[in-house]
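Notes for the one structure printed next.
Since every read-out is calculated from the coordinates, none of them should be taken as a lab result. Since we're looking at a predicted model, the values are computed, not measured. Cβ atoms come from the backbone with ideal geometry, glycine included; neighbour counts cover every protein chain shown.
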Amino acid sequence: MSEGVEVINDEGPAQEQKEASVKSPDSNDANEKITSKPTTSSSGKQKNPSKVDILLKHAGDAPIMSKRKWTVDRTKKISWVADFIKKYIKSESSESLFLYVNQSFAPAPDTDLGSIFDCFGSDGKLVLHYCRTQAWG
Amino acid sequence: MISLNNKGTVSDMAEDREILREVWEGKIPVCFQLAQEDIYTVDQPDPFFLLVPRLSYFPLVTDKVVKHLSKHVDRDNQGEMWLEYEGQALKWHYPIGLLFDMFGSRADLPWNLTVHFQNFPEEELLHCPSKDAVESHFMSVIKEADALKHRGQAVNNMQRKDHKTLWNGVMNDKFDQFWSVNKKLMEVSGEDTFKFIPFRVYQMDQVPLQRLFKPTDDNGDVLTLRHMLESVITDFQEKKSRVLIQGVEPDLDTPVLWLSEHLSYPDNFLHICLQSSPSEVLQSES
């Protein structure tokens, strides 16, 4: 599976239609905030300190994402990642989606990714499992 | 008053156990008043007074408040209850003592909170559909804490009934029940010390800070609260800061391991509030 890194840009919803943004071919309408900029290399060189790499893995009956590795602003919240995944897998926004760290605990939706990455990231990335029901705990 | 004698030696252990109980018994007097814009009835609702445990969560202690005040609210527009202090919406998923240390510690008592049933601040607060939501949040934080302390092994070795005992201890304010299980999560003996200290630092209008921090340095020397604060705040200035944990201003030379064992909330995290010190405020004004 291709795991090229794409950058989810750090602009808020108000600026989601930046003229420079290019829709990722496999994200379709999943998220307007995605830009297909291969500027951040996946080799770990020249990492932008304001961003973190996350690897999204499905659990239970949640659909698999064809692209699993993303680079996201450190200040983004867990709830933002959940909304992003829901759009990507075309899940209704009213449906629940749970995100787990270490396949063990679900950080509060208002937790920022940077803190979780600092404490639970390994090999330069943070693995998050997503599922539609409470898979762990 | 809790005295922080924190050598952590065996002879202190009985005394230290008393500290756990003192912390557990910390309570805050709160006056709940219905927001003016929510009052639908001609007669004004009386305020509702409660003495609430620091270690609890607002959704666990406000059933009676909701029952009392919702009589004065337009039923057709009644939404989920939320609390506010001087314009600040209060997060239900933070322990009450933490909220008080953050926003109320310089206020007069009782702590005057405004109760709302309308205009839920979606951007600031999480919804709390039921007490089950509080329970799953609480257990999740415990698991996160144990992931830091013991790579999650202590909590994973527990049975589901142990998890329930922890939760029921908090929900029903039962110290002995809670500690009968929590002691397994707090065990530090010999090699089995905490790998990292579960802590978060809260500052006004900022996201909480959380980093990996070990109880000792590479040489085995004990690390203190001062070391911890310096590690997360680049320009930590001791004289300009007021540090509050559980309403107490601990000595900055206190070992973090001792603090983690004794001043953690039931969720097993040290929730540390950092404010600008009052004397500093006075000096800059004069």
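Listed values, structure above:
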| quantity | calculated |
| --- | --- |
| Residues B:S276 and B:D108, FRET efficiency given R0 of 22 Å [Cβ-Cβ distance, rounded to 0.05] | 0.65 |
| Cα-projected label distance for A:S96 with A:K57, points at 7 Å along beta-carbon direction, nm | 2.3 |
| Flagged links, alpha-carbon separation over 24 Å, of B:K91/B:K239; A:K90/B:K164; A:K51/A:K87; A:K125/B:K131; B:K143/B:K239; B:K71/B:K174 | B:K91/B:K239; A:K90/B:K164; A:K125/B:K131; B:K143/B:K239; B:K71/B:K174 |
| Per-pair calculated FRET efficiency, R0 = 51 Å: B:K164 and B:Q44 via Cβ, rounded to 0.05 | 0.75 |
| Backbone N under 19 Å from the B:F175 label point (7 Å along Cα→Cβ), restricted to the range B:28-62 | B:28-29, B:51-57 |
| Cα-based Rg of the range B:127-285 normalised by 2.2 N^0.38 Å, two decimals | 1.12 |
